[in-house]
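The structure under discussion appears below in the form of structure tokens.
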Amino acid sequence: MRVLRVAVCVGLAFVAGCVTTNATMLGTARVNRATTNVAMVKLYRTANQVPGKYEEIALLHSKGNFASTNEPQMYESMRKKAAEMGANGVILDAISEPGAGAKVASIFLGVPADRTGKAIAIYVYPPGEEPTVATANP
């Protein structure tokens, strides 16, 4: 019976092992941008590190099982989602770990204990390019 319980827990960890990132578009985004190359999406720890003017595109929310994910996987998932939205940068907010009780419950009861992360997808304007003013529809 114990072997079965361990096998089920390992199976749940494997299935839930991927990181998923959802995005909530911000009303400040002026245009729908074409998808960018994920390799071009840079991570910034703070807004002060962004080199130049930028536009906030979306709020990013990531989650993945604590036992089978790590912070680099969280960041990579955020970069991929940002690239899908036409962003070329991500300003990181926070990554939260589940508490000890949640981790124990996850192992023995099979309830999820997720690592979560938040960030903002941004478009950094190239030097010399200025943000355009949004025009209203007539």
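Each reported figure results from applying straightforward, stated rules to the coordinates on display, with no laboratory input. All of these numbers come straight from a predicted model, not from anything done at the bench. Cβ placement follows ideal geometry from the backbone for every residue including glycine, while neighbour counts extend to all protein chains displayed.
Between residue 20 and residue 84, full extension at 0.36 nm per residue minus the direct alpha carbon distance yields a gain of 21.7 nm. With both labels modelled 7 Å from their Cα along Cα-to-Cβ, the residue 118 to residue 59 distance reads 0.7 nm.
Listed by chain and number, the lysines placed with their C-alpha closer than 18 angstrom to that of residue 42 are 53, 80, 81, 118; residues fewer than eight positions away on the same chain are left out.
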